[in-house]
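The values are calculated or read from the model by the stated rules, or taken from the named source; none is laboratory data. What you see is a predicted model; the values in this text were computed from it and never measured. Here Cβ is always computed from backbone atoms with ideal geometry, including for glycine, and neighbour counts include all displayed protein chains.
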Amino acid sequence: MKREREASDRPADRGEDLSRDLRFIGGLVARIQDQTPPDALLAGVMAGIEPKKPSAGRRFWRLLTRPQYVRFTPMGLVYGVVLLAVVLAGWSWVGLPRFSPSQEPSLAPISAGTENYRFTLSLAKGESTQAKSVAVIGDFNNWTPQGYEMIWDEDCHCYNLSLPLPRGRYQYAFLVDGRILADPRALLTQEDGFGHKNSIVIINHDQSREKNI
Amino acid sequence: MVRQEEHRVISLVLDGDADAYAILVKRYERPIYNLMLRMTASPQDALDLTQTTFIKAYDSLERFRAGRSFFPWLYTIGLNQAKDFLRRRKLELFHNGYLEDVADKASVPADQEERLISQARVREVQSALKQISWDYREAIILRFYENLSVKDVAAALGLSLSAAKMRVHRGLAMLRHILLDNGYG
């Protein structure tokens, strides 16, 4: 306390003088001498520690961030390429969706612009109905008889089949036990270039009546 | 040591390279050893406490937060080790410390009076440091001798920034009073 009272009376305690003195003393502190530690210090520390085991998180982070080096032999590289090629080939064979043309007849979808057209193959009175298969083939079904078998109607003594057809002009014929027959009722026919005559039907929905020309 | 280099060394140690720790020991053994000398006034106790400090820091290295400076963190561990040691020995915190007056090693021509006066002032400051309590003494040494920022001084002593500034300022003022009382104005 006495020391503090005496200190406060000193002119050097004022403002700038005080700051200057304190900076000066700080500079002197920077120049003090210290002791050199003994050589045995480092050895004593290193003898007291064991290598650390990195944590799982640290090992994973190191795996992600440090360059990794892969060694392989040329033969190993060849095996790898062949294996990859086999896997890719098998994947393309099994995995990718196959496109197989449908064996089923693809009828034109019935849309708002289609109407059923009735194909009729009439037999003369007394004519035999022993045909095993009668079908209609034409533009509208890729000339494929499957699914377009005609149905015998005893009342009209004829084979019938109604198909939804959009507006347009179609060539067609009947296939009777493998033989191609033109529609005897068709007024318009057209050579098919294979020695047969195809019948022509024009579907005109505007007139709401099919025309078999 | 640049902070990035420190963190690289710490990263190596945490990855299992114990030998890398020697780099940090060699870099900071002197200030920690001298801290222990000031606290215990015993070279043997200072040696033991310094080794204990570095070993404890090694064991706690996983808790060292990246981005911080290593020395203030190490210093805090050392200071706590010294205080625990003195508490166990039931010794008073050695106010006088161990600041041996060491003659300036550079040869000085006899006719350079100004340099001699400056050297004498350094010795006086060294002597005055023995007369103030260890908490002010360490704050001054960390700030002016170890050249730490006030922020790092605060971290090392476990103080707020403003408390660290006040500790340094008051410590210097104490030294000044002592020097003035001894006739060094």
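Does region A:33-46 contain at least one residue that is at pLDDT below 90 and within 9 Å of chain B (Cβ to nearest Cβ)? Give the derivation first.
If we filter region A:33-46 for residues that are at pLDDT below 90, which is where we start, we get A:33-34.
If we keep only those that are within 9 Å of chain B (Cβ to nearest Cβ) too, we end up with A:33-34.
Yes: one or more hits.
Could we say that B:R68 is surrounded by fewer than 20 Cβ atoms within 10 Å (Cβ to Cβ), over 14 Å from the mean Cα position of the chain (by Cα) and in contact (Cβ under 8 Å) with a residue 40 or more places away in the chain here?
Details: surrounded by fewer than 20 Cβ atoms within 10 Å (Cβ to Cβ): yes; over 14 Å from the mean Cα position of the chain (by Cα): yes; in contact (Cβ under 8 Å) with a residue 40 or more places away in the chain: yes.
Spelling it out, B:R68 is indeed surrounded by fewer than 20 Cβ atoms within 10 Å (Cβ to Cβ), over 14 Å from the mean Cα position of the chain (by Cα) and in contact (Cβ under 8 Å) with a residue 40 or more places away in the chain.
So which helices (runs of 4 or more DSSP H) are wholly in region B:117-185 and hold at least 1 residues that are of a type in the set (S, T, Y) and closer than 24 Å to B:K83 by Cα?
Counting at least 1 such residues, we get B:134-140, B:161-181.
Can you name the residue in region A:16-50 that is among the charged types (D, E, K, R) and farther than 18 Å from B:K130 by Cα and, of all such residues, is surrounded by the most Cβ atoms within 10 Å (Cβ to Cβ)? Please lay out each step first, then the result.
If we filter region A:16-50 for residues that are among the charged types (D, E, K, R), which is where we start, we get A:16-17, A:20-21, A:23, A:31, A:34, A:39, A:50.
Now narrow it down to the ones that are farther than 18 Å from B:K130 by Cα: A:16-17, A:20-21, A:23, A:39, A:50.
Working: A:E16: 7, A:D17: 12, A:R20: 11, A:D21: 19, A:R23: 11, A:D39: 8, A:E50: 9.
Here the residue is A:D21.
Enumerate the pairs (first residue in region A:61-89 and under 26 Å from B:S11 (Cβ atoms); second residue anywhere and outside any helix (DSSP H, G or I) and of a type in the set (D, E)) with beta-carbon separation below 9 Å, excluding pairs fewer than 6 apart on the same chain, so at least 6 apart or on different chains.
Taking only residues 6 or more apart or on different chains, the pairs are A:R62/B:D15.
Determine if region B:155-162 includes at least one residue that is surrounded by 20 or more Cβ atoms within 10 Å (Cβ to Cβ) and either within 12 Å of another protein chain (Cβ to nearest Cβ) or of a type in the set (S, T, Y) (or both).
no
Taking the residues in region B:116-147 that are more than 12 Å from chain A (Cβ to nearest Cβ) and under 16 Å from the mean Cα position of the chain (by Cα) as candidates, determine which candidate is farthest from B:G78 (Cα to Cα). Break it down into steps so the answer makes sense when it comes.
Of region B:116-147, the ones more than 12 Å from chain A (Cβ to nearest Cβ) are B:116, B:133-135.
Next, from what is left, pick out any that are under 16 Å from the mean Cα position of the chain (by Cα): B:133-135.
Numbers: B:S133: 17, B:W134: 14, B:D135: 14 Å.
This residue is B:S133.
Against the conditions (1) surrounded by fewer than 19 Cβ atoms within 10 Å (Cβ to Cβ); (2) of a type outside the set (S, T, N, Q); (3) at pLDDT below 95, where does B:K56 fall short? Just the number, please.
Tallying (1) surrounded by fewer than 19 Cβ atoms within 10 Å (Cβ to Cβ); (2) of a type outside the set (S, T, N, Q); (3) at pLDDT below 95, B:K56 fails exactly one: (3).
Test B:N80 against the stated conditions and say whether it is among the polar types (S, T, N, Q), surrounded by fewer than 17 Cβ atoms within 10 Å (Cβ to Cβ) and modelled with pLDDT of 90 or more. Break it down into steps so the answer makes sense when it comes.
Working: among the polar types (S, T, N, Q): yes; surrounded by fewer than 17 Cβ atoms within 10 Å (Cβ to Cβ): yes; modelled with pLDDT of 90 or more: yes.
Judged against the criteria, B:N80 is a match.
So which of B:I77, B:I23 ends up being without any contact (Cβ under 8 Å) to a residue 40 or more places away in the chain, more than 9 Å from every other protein chain (Cβ to nearest Cβ), of a type outside the set (F, W, Y) and touching an Asp or Glu at 6+ places or on another chain (Cβ under 9 Å)? Quick ask: steps written out before the conclusion?
On the way: B:I77 fails: touching an Asp or Glu at 6+ places or on another chain (Cβ under 9 Å).
When all the criteria are applied, what remains is B:I23.
Among the residues of region A:87-106, is there at least one that is surrounded by 10 or more Cβ atoms within 10 Å (Cβ to Cβ) and at pLDDT below 70?
Initially, region A:87-106 is screened for residues surrounded by 10 or more Cβ atoms within 10 Å (Cβ to Cβ), giving A:87-91, A:105-106.
Cutting the leftovers down to at pLDDT below 70 gives us A:105-106.
Yes, some residue in region A:87-106 is surrounded by 10 or more Cβ atoms within 10 Å (Cβ to Cβ) and at pLDDT below 70.
Kindly provide the set of residues from region B:99-141 that are at pLDDT 50 or above, closer than 18 Å to B:P43 by Cβ and surrounded by fewer than 19 Cβ atoms within 10 Å (Cβ to Cβ), ordered by number.
Correct list: B:K130 only.
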